[in-house]
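Q: Once you've had a glance at the structure underneath, I'll fire off some questions.
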Amino acid sequence: MNEKMENEKAPGVDTGALSTATTAVDLHNLAEVEDAKLRKMTGKSYSQGQLVWRRFRSHRAAMISLVILGCIVLIAFTSIGLGGIPGWWDKPFSATGAVVNGGRPSFADGHPFGQDSLGRDYFAMVMRGTQQSLVVAFIVGIVSTTLGALIGAIAGYFRGWVDAVLMRLTDLVIVVPLLVLAAVLGKISNGGILTLSFVLGLVTWTGLARLVRGEVLSLREKEYVAAAISMGAKPARVIFKHLLPNTIGVIVVNATFAISSAILLETSLSYLGFGVQPPDTSLGLLISQNEKAFTTRPWLFWWPGLTILTIALTVNFIGDGLRDAFDPRQTGKLSRKRLLGLSSREKALKPVTKKAAKGSENV
């Protein structure tokens, strides 16, 4: 009977692995099943990073968002240049001039986004605002992610009074309304883009710190951590060598959401007058300066608004893709296609697999 069951299985297909992958809840086992299946199909083994990238590529919204965000970054930093490096757009964002055609958007007049009331080219201004907002967002993401990961890892590893002090500090920052705290610190920074970025990073790390602390508290009880400690490994080595690398999924995903939140926070501060200050500009400042022209010259409001919306949405979709790539259990539906990325060849073998399974049940 066993020989009959083996003969009915499709050659080259591990039906047990396929069925296990659809119901497994352990991420490590899932990665092993996926690697074993791909090794049988392609003849080579896949590392954890390659598996993550393979899952991320299967997330269409994330890949489309990555392309769109890349185009926005490329256009923003190459059009008007940066730091004395000239760009391909010949109109400076701060140069005033005569208002042509009522400032309406027109490619024929050389102002595709129109002009403001001072005759400044609005395309150059929106690109400058996009540059500023992106710089703030990425610096805030780096600072808040680094600070939150370190504080969470230290609190989770040492526990005791160290954990109590760091978590009370976290609670203290959480209690103060974020927008109010950021507005006060932003006013102290006097609108300097780098200072403002670091200041915002210092008040947006609390959520990640709590998540990393929870992960480290769980990882600290694992055998390999206990073995490293028993062999005399110093706390810094245990944290940076064993604990933080195993929380990289949580850290990377939350870093993307931190970038998205930073863009909206900087926009809010600049809109209220506590962020970037004239003569420089940002997307939030452009909306604030032109909100009264919404009914008469709506393009002055819509261009920066749509840019903010596009950046925030693309970063959030990228974060969703990274979350599903690092932990496929978060997809909500553990389908074979999402978890294992079935190719067309594998799809063709599925009917054979189902027939083999049905034959096994009959036996």
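What follows is calculated from the coordinates using simple rules that are stated; it is not laboratory data. None of these values were measured; they are calculated from a predicted model. Please note: Cβ atoms are built from the backbone with ideal geometry, for glycine as well, and neighbour counts cover all protein chains shown.
Q: Taking the beta-carbon count within 10 Å as an exposure proxy, list Ser79, Ser268 from fewest neighbours to most.
A: Sorted ascending by nearby Cβ count, the order is Ser268, Ser79.
Q: Quickly work out the Trp161-to-Arg60 label distance, labels modelled 7 Å from Cα along the C-beta direction, and quote it in nm with one decimal.
A: Going by the 7 Å Cα→Cβ label model, 5.8 nm.
Q: Right, another one. As an exercise, take the mean of 1/r over every pair of distinct alpha carbons in the range 76-329, invert it, and state the Kirkwood radius in angstroms.
A: When all Cα pairs of the range 76-329 are included, the Kirkwood radius is 20.2 Å.
Q: Only counting other Cβ atoms within 10 Å, I'd like Met127, Met167, Met63 sorted with the fewest neighbours first.
A: Met63, Met167, Met127
Q: What nm value, rounded to one decimal, do you get for the distance between Thr78 and Asp327 when each label is placed 7 Å out toward the C-beta?
A: 3.8
Q: Here's a follow-up. Hey, what did the range 76-329 get for relative contact order, percent, Cα under 8 Å, at least 6 apart?
A: Relative contact order, the range 76-329: 22 percent.
Q: Then there is this: Would you mind working out the magnitude of the charge dipole of the range 76-329 relative to its Cα centre, with +1 at each Lys and Arg C-beta and -1 at each Asp and Glu C-beta, to the nearest 20 Debye?
A: Its charge dipole is roughly 500 debye.
Q: Rounded to the nearest 0.05, what FRET efficiency do Leu306 and Thr96 have when you use their Cβ-Cβ distance and R0 = 30 Å?
A: E(calc), rounded to 0.05, equals 0.75.
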